[in-house]
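Take a look at the structure below.
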Amino acid sequence: MLNTEIDTDTIPAVHLLYLCKKFGRHEVLTDINLKVVPGETVCLLGPSGSGKSTLLRCINFLETSDFGEIFLHGTRVAYGRSAGKKGLTEAELAKLRTRVSMVFQHFNLWPHMTVLGNIVEAPIHVQKRPRAQVIAEAEALLLKVGLLDKRDVYPSRLSGGQKQRVAIARALAMKSDVILFDEPTSSLDPELVGEVLSVIKQLAEDGMTMIIATHEMDFAREVASRVVFLDGGRVLESGEPKAFFRRPTTERARQFLERYVR
């Protein structure tokens, strides 16, 4: 387990209050309360359909919650629809998304751009940062994820693991406060999973603030500073990984671990 010395008095990097989300009549998130402090690695665990991906998409403003509030570093950035507040403009959303980057299951790389182009596009054109500086930083990130030699290659020539490592480098290039990972290994062949998880593990060791939805139980046990177990759109347990995996406090969590943990 990494990042065990977390200052719980620090203003949270992400703070959710009573977050709810519905699709039609189906409530997929119910009264989600969650604090993630800077430097913490939180792993979201739970069965498929438990709300993990929707929760991440609400934090990154890809979905609009129906109730509740979202704070980033103490600043309220979103209300649920029911609050009757005016929604954020596209420009405001774009600015907020530079503070919270997301790595998706299916990479979402631009196929018409090289590896380097994928990484530098947003920092140059969204954040308006100097091109030469951004390129130098992107090359350093590619070296960090072990792909500097793929700088001028197009995504179609990469393996799934390589694509996901490029996606991680692209998220890091934005210099975001928080990185969200939505099942980052679910689309990979088993032999490619390790190369992606090792990069994420290194980010945890470096103190990057991360929220990771994952089915990789061994990875969560080793890397997370805290695990949050969801089922039916609710947080049923939240705590230190060692305690959760040894003695979960709810029957539902015990059933889940019996099925997914060897």
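When you scan the stretch 147-163, do you find a residue that is open to solvent by less than 40 Å² (accessible area, probe 1.4 Å), under 20 Å from Met217 (Cβ atoms) and touching a strand residue (DSSP E or B) at 6+ places or on another chain (Cβ under 9 Å), even just one?
no
Which members of the stretch 27-60 meet the condition of being open to solvent by 20 Å² or more (accessible area, probe 1.4 Å), under 16 Å from Ser101 (Cβ atoms) and either touching a helix residue (DSSP H, G or I) at 6+ places or on another chain (Cβ under 7 Å) or outside any helix (DSSP H, G or I) (or both)?
Of everything in the stretch 27-60, just one residue is open to solvent by 20 Å² or more (accessible area, probe 1.4 Å), under 16 Å from Ser101 (Cβ atoms) and either touching a helix residue (DSSP H, G or I) at 6+ places or on another chain (Cβ under 7 Å) or outside any helix (DSSP H, G or I) (or both), namely Pro38.
Going by the conditions given, is Ala171 of a type outside the set (Lys, Arg) and either open to solvent by 60 Å² or more (accessible area, probe 1.4 Å) or farther than 22 Å from Gly194 by Cα (or both)?
Working: of a type outside the set (Lys, Arg): yes; either open to solvent by 60 Å² or more (accessible area, probe 1.4 Å) or farther than 22 Å from Gly194 by Cα (or both): no.
No.
Give the residues of the stretch 99-128 that are within 20 Å of the chain's Cα centre (by Cα) and exposed (fewer than 14 other Cβ atoms within 10 Å of the Cβ), sorted by residue number.
The answer is His106, Asn108, Trp110.
Of the residues in the stretch 203-250, how many are within 14 Å of Gly46 (Cβ to Cβ), in a loop (DSSP other than H, G, I, E, B), among the β-branched types (Val, Ile, Thr) and in contact (Cβ under 8 Å) with a residue 24 or more places away in the chain?
Of the residues in that region, 1 qualify.
In the stretch 206-219, how many are surrounded by fewer than 23 Cβ atoms within 10 Å (Cβ to Cβ) and either in contact with a Lys or Arg (Cβ under 7 Å, 6 or more places away or on another chain) or more than 22 Å from Asp177 (Cβ to Cβ) (or both)?
5
Looking only at residues that are free of Cβ contacts under 8 Å to residues at least 12 places away in the same chain and touching a helix residue (DSSP H, G or I) at 6+ places or on another chain (Cβ under 6 Å) in the stretch 129-154, which one is farthest from Ala204 (Cα to Cα)?
Taking the stretch 129-154 first, the residues free of Cβ contacts under 8 Å to residues at least 12 places away in the same chain are 129-133, 136, 140, 143, 148-149.
Pick out the ones that are also touching a helix residue (DSSP H, G or I) at 6+ places or on another chain (Cβ under 6 Å) and you get 129, 131, 148.
Working: Arg129: 26, Arg131: 28, Leu148: 21 Å.
Among those that are free of Cβ contacts under 8 Å to residues at least 12 places away in the same chain and touching a helix residue (DSSP H, G or I) at 6+ places or on another chain (Cβ under 6 Å), it is Arg131.
Could you identify the single residue in Ser176, Ser187 that is open to solvent by 10 Å² or more (accessible area, probe 1.4 Å) and either under 22 Å from Gly39 (Cβ atoms) or out of contact with any helix residue (DSSP H, G or I) (no Cβ under 9 Å at 6 or more places or on another chain) (or both)? Show your work before the answer.
Numbers: Ser187 fails: either under 22 Å from Gly39 (Cβ atoms) or out of contact with any helix residue (DSSP H, G or I) (no Cβ under 9 Å at 6 or more places or on another chain) (or both).
Of the residues listed, the single one that is open to solvent by 10 Å² or more (accessible area, probe 1.4 Å) and either under 22 Å from Gly39 (Cβ atoms) or out of contact with any helix residue (DSSP H, G or I) (no Cβ under 9 Å at 6 or more places or on another chain) (or both) is Ser176.
Given the conditions (1) assigned to a strand (DSSP E or B); (2) touching a residue at least 40 places away in the same chain (Cβ under 8 Å); (3) within 21 Å of Ser48 (Cβ to Cβ), report the number of the one that Ile179 does not fulfil.
Ile179 satisfies all of (1) assigned to a strand (DSSP E or B); (2) touching a residue at least 40 places away in the same chain (Cβ under 8 Å); (3) within 21 Å of Ser48 (Cβ to Cβ) except (3).
Can you tell me which residues in the stretch 129-146 are open to solvent by 80 Å² or more (accessible area, probe 1.4 Å), charged (D, E, K, R) and under 24 Å from the mean Cα position of the chain (by Cα)?
Within the stretch 129-146, just Lys144 meets the criteria.
Residue check, Ala253 against (1) assigned to a helix (DSSP H, G or I); (2) free of Cβ contacts under 8 Å to residues at least 24 places away in the same chain; (3) of a type outside the set (Phe, Trp, Tyr); (4) under 27 Å from Ser65 (Cα atoms), all met but one. Which one?
The single condition Ala253 does not satisfy is (2).
The values are calculated or read from the model by the stated rules, or taken from the named source; none is laboratory data. Computed from a predicted structure; not experimentally measured. Note that we place each Cβ from the backbone using ideal geometry, even for glycine, and neighbour counts take in every protein chain shown. Remember, those area values only see protein heavy atoms, side chains included, never the ligands or the DNA or RNA. Shrake-Rupley method; radii C 1.70, N 1.55, O 1.52, S 1.80 Å.
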